[in-house]
Amino acid sequence: MTQPWNAASGSMTRTARRPEPASLADILERVLDKGIVVAGDIRVDLLDIELLTIRLRLIIASVDRAREMGIDWWEHDPALSSAARDLAEENRQLRDRVGELESGAPPDDGQRERPAVPATADRPRS
Amino acid sequence: MTAGATATWVYAVTGELDQAVLDGVSGIGGAPVREVREGALSAAASSVDAAAFSEDTLQRRLTEPGELEDLARAHHRVIGTVATTAPALPLRLGAVYTGDSRVRAMLAQRQPEFTRTLAWLAGRAECGVKVWARPDALTAPAEGRGAAARPEPGRGGGAAYLSRRRDELAARDQGRQRAAAAAADIHELLSGLAVAARQHQPQDPAADPQAGQSREVMLLNGSYLVDAGRMGDFAAAAQAAVTGRGGVRADVTGPWPPYSFADGPEGS
């Protein structure tokens, strides 16, 4: 935890907004996306800034927006979405393997039941 | 202005500026920060080289991560300094004027709105609350139905594996729903303790050293406008809000200049 008010001075007036080791991501999201917009003679194109920020991988997705659109925003997390892709591929391979097992399985096992593997395996999420 | 050689970079708008405070901070490129005054309002500003801050050049500099960081930190440094002594409206990065007279015109034009917002912000500051969840907090199975706790006797290894996978996926969906609900709960609770609240885009864990290592996911990235005297209580409430939620932690930052509330009480 790095809350400035946990530092020696508990007084907000003294700790307030002094130069603190704020994370670059926290600063960028504020100076690029918040603050008053004024009609400067030279102004940075906000669309470019937005793209730039995304390119810098500081933003993944908006919770609110995703909820509005009914999207599972965790899909945008690179680690999780690649895991999901892996899982789909794994399921496909498993379907194939199970199919092989069933067709070539010894008669005393695996034949009691023919699980509807393709149908269920096609449901990667309930 | 000196014959087109310089332009004016503006950091923040405030009602009063103490030159002694400005003397203690350097602006973009290390330039001294000065006051540009119009009526009851002042802008904290500094001179920049006009050629180096033309539209094209500035745009290009901002796509260079190192340059972007230098500009952002310098901009933030001045705003933070100004905001320690008086209510201040931070300007979004990149507003450059061809001269001080143009800054005065801008102040005059938007004076009623700026004055209103400054009054609203007086005695208040922004508190940032980022809520992170460990991956296992997102994938934890519902009670009494462990993902691996359902043996499938008699089935082949492949079928059992598929069944287990289905359970894991179902558990993950439930974990995510619980996490989203937790984020909404926490935001609602903190909003109730604040004068105003805004949500930012969740950040990429890669931007955070701790979260990057632990592969945490950001559930909530909120900013809350809080009365200055209640900052400590608010931070404690934010920590209390995540207590008892397994794998979830809050990262409280601030006080910040009121970046997220510069658009006034009506902003969203």
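The values are calculated or read from the model by the stated rules, or taken from the named source; none is laboratory data. Bear in mind that the values here come from a model prediction, so they are computed numbers and not experimental data. As a convention, Cβ positions derive from the backbone with ideal geometry for all residues, glycine included, and neighbour counts pool all protein chains shown.
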Residues of the stretch B:128-171 that turn out to be modelled with pLDDT of 60 or more and either in the same structural domain as residue B:103 (by TED's automatic domain parsing) or among the basic types (Lys, Arg) (or both), as a count | 6
Hey, can you tell me all the residues within the stretch B:1-38 that are under 17 Å from residue A:36 (Cβ atoms) and not acidic (Asp, Glu)?
-> B:8, B:9, B:10, B:11, B:12, B:13, B:14, B:15, B:17, B:36
Yes/no for residue B:118 being surrounded by 15 or more Cβ atoms within 10 Å (Cβ to Cβ), at pLDDT 85 or above and under 27 Å from the mean Cα position of the chain (by Cα) = yes
State all residues of the stretch B:58-91 that are in contact (Cβ under 8 Å) with a residue 60 or more places away in the chain, at the interface with chain A (Cβ under 7 Å from one of its Cβ atoms) and not in a helix (DSSP H, G or I); if no residue qualifies, say none.
-> B:89, B:90, B:91
When the stretch B:17-49 is checked residue by residue, the ones that are of a type outside the set (A, V, I, L, M, F, W, C) and assigned to a helix (DSSP H, G or I) are B:19, B:23, B:29, B:30
Exactly one of B:179, B:250 is crowded, with 21+ Cβ neighbours inside 10 Å and in a helix (DSSP H, G or I), and that one is B:179
Neighbours by Cβ (under 7 Å, 6+ apart or cross-chain): first from the stretch B:41-56, closer than 24 Å to residue B:115 by Cβ; second part of a strand (DSSP E or B) and among the aromatic types (Phe, Trp, Tyr) = B:44/B:11; B:45/B:9; B:45/B:11; B:46/B:9
Hits in the stretch B:102-119 - residues which are of a type outside the set (A, V, I, L, M, F, W, C) and touching a residue at least 60 places away in the same chain (Cβ under 8 Å) = B:102, B:104, B:111, B:113, B:115, B:116, B:117
Given the conditions (1) of a type outside the set (A, V, I, L, M, F, W, C); (2) within 9 Å of chain A (Cβ to nearest Cβ); (3) outside any helix (DSSP H, G or I), report the number of the one that residue B:224 does not fulfil.
-> (2)
Do we have residue B:197 as more than 10 Å from chain A (Cβ to nearest Cβ), over 22 Å from residue B:75 (Cβ atoms) and part of a strand (DSSP E or B) here?
-> yes
Which one is modelled with the lowest pLDDT, of the residues in the stretch B:1-21 that are among the hydrophobic types (A, V, I, L, M, F, W, C), touching a Ser or Thr at 6+ places or on another chain (Cβ under 8 Å) and over 19 Å from residue B:114 (Cβ atoms)?
-> B:1
Odd one out for residue B:234 among (1) assigned to a helix (DSSP H, G or I); (2) without any contact (Cβ under 8 Å) to a residue 24 or more places away in the chain; (3) surrounded by 15 or more Cβ atoms within 10 Å (Cβ to Cβ) | (2)
In the stretch B:98-112, what residues are part of a helix (DSSP H, G or I) and facing chain A (nearest Cβ under 8 Å)?
-> B:102, B:106
Evaluation of residue B:104 against (1) touching a strand residue (DSSP E or B) at 6+ places or on another chain (Cβ under 7 Å); (2) surrounded by 23 or more Cβ atoms within 10 Å (Cβ to Cβ) (one fails), failing number | (2)
